[in-house]
Amino acid sequence: MNVPIPGKPVRGSQSGKPIMALFDLLGRHWSMNILWCLKENSQSFNELEKKCNGISPTTLNTRLKELQKTFIIEKVVDGYALTKIGDELFDLFDPLRAWSENWKKKFN
């Protein structure tokens, strides 16, 4: 599977729009879980594997490579960490989290 890059066609869209590349990347199995695990501090491969209960080492390795190639995370001395733009991306989830809580109320 190709790494989604802004300006290039991605799964579900041939437009090359950056937002579509981001949605493709974040929509990949385990990507968001890995980001949540890295929000507070860096994690080693083994720590991420434990926190992402059920992820295979092959899948974890693939997602880490994809997230590194797209500048969302980086390899650091003690494992992996969010980059500056990765941290900025994570901050953008706050409004989405709030929106999703309001959306959830529609189902009650």
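The values are calculated or read from the model by the stated rules, or taken from the named source; none is laboratory data. None of these values were measured; they are calculated from a predicted model. Glycine also receives a Cβ, built like all others from the backbone with ideal geometry; neighbour counts cover every protein chain displayed.
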Taking residue 2, is it within 12 Å of residue 60 (Cα to Cα) and either assigned to a loop (DSSP other than H, G, I, E, B) or free of Cβ contacts under 8 Å to residues at least 40 places away in the same chain (or both)? no
From 60, 38, 64, which residue is touching an Asp or Glu at 6+ places or on another chain (Cβ under 6 Å), within 20 Å of residue 28 (Cα to Cα) and hydrophobic (A, V, I, L, M, F, W, C)? 60
Considering region 88-108, residues that are out of contact with any helix residue (DSSP H, G or I) (no Cβ under 7 Å at 6 or more places or on another chain) and of a type in the set (A, V, I, L, M, F, W, C), and then whichever is nearest to residue 70 (Cα to Cα), we arrive at 89
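Give the residues of region 41-82 that are part of a loop (DSSP other than H, G, I, E, B) and under 13 Å from the mean Cα position of the chain (by Cα), sorted by residue number.
Passing the criteria: 52, 70, 71, 72.
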Which ones in region 58-100 are hydroxyl-bearing (Ser, Thr, Tyr), touching a residue at least 24 places away in the same chain (Cβ under 8 Å) and in contact with a strand residue (DSSP E or B) (Cβ under 6 Å, 6 or more places away or on another chain)? 80
Members of region 83-95 found to be more than 10 Å from the chain's Cα centre (by Cα) and either under 15 Å from residue 40 (Cβ atoms) or not basic (Lys, Arg) (or both), listed by number: 83, 85, 87, 88, 91, 92, 93, 94, 95
How many of the residues making up region 18-35 are more than 12 Å from residue 70 (Cβ to Cβ), without any contact (Cβ under 8 Å) to a residue 24 or more places away in the chain and either surrounded by fewer than 14 Cβ atoms within 10 Å (Cβ to Cβ) or among the hydrophobic types (A, V, I, L, M, F, W, C) (or both)? 5
Count of region 75-91 residues which are of a type in the set (A, V, I, L, M, F, W, C) and modelled with pLDDT under 95: 1
Do the conditions hold for residue 69, that is, is it within 22 Å of residue 21 (Cα to Cα), out of contact with any Cys (no Cβ under 9 Å at 6 or more places or on another chain), at pLDDT 95 or above and surrounded by fewer than 17 Cβ atoms within 10 Å (Cβ to Cβ)? yes
